[in-house]
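Student: The structure follows.
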Amino acid sequence: MQPMKGVIAASFLLGFASLAQAHGAHEHGVADLRVAVEGGELSIELSTPLDNLVGFEHAPRTDAQRKAVAEAEARLRDFSALFVLPAAARCEVKDIELESPWHEAEHDHDHKHEQAHAHDHKHDDGHEHDAGHGDLHAHYELSCAVPQALNEVQVRLGEVFPRMTRVRAETATPNGQNAATLDKTRNRLPL
Ligand SMILES: [Zn+2]
């Protein structure tokens, strides 16, 4: 293994550990973002309370709530509305994955059950079904033809999701590791 790669891999692991802690904190209005560049690969991980996206965290019950969830998921899949990268880097989205407790629940159960009795069911999908709170994780994988041109990413999450007033960002790139807090007015994350 090349030593440089080892350092980047280690920073990935540290990042996941701190995300897990942030997840424990679960602060409404705040989201966590991790941006990593390795070679021509750009990886962006977003972790956010569901409240920031739709204004509630219970499983959707009404048509309006189901619509709000579908719209939030569609917005999360619209990468270029959320993140602006330097055009010179020539990045292309390769993969987008969304994980939320509702998503899984809808796939795993085609029957309705009272939320209060949800714990009677086994959920071995690794998601927490604690009372009242839930998080969504989004993972974006891009490949960039000119990664040296990746000097910043503009984060527009606060414009798309107005309830998300603050984004705690961490970066891991060949230039090193950094952390910054972003909001609607300060939305440029240096890489
Ligand atoms: Zn919550």
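Student: Hey, how many Å between the Cα centroid of the range 152-178 and the Cα centroid of the range 67-88?
Tutor: Here the answer is 14 Å between Cα centres.
Student: Just subtract the alpha-carbon distance of Q154 and E27 from 0.36 nm times their residue separation and send over the number in nm, one decimal.
Tutor: 43.5 nm
Student: Given H placed on each backbone N at 1.01 Å, which residues far from G134 in sequence or on other chains put an amide H within less than 5 Å of it?
Tutor: Result for G134 returns L50, D51.
Quick note: the coordinates plus some simple rules give every number you see, no bench work behind them. No experiment lies behind these values; they were computed from the predicted model shown.
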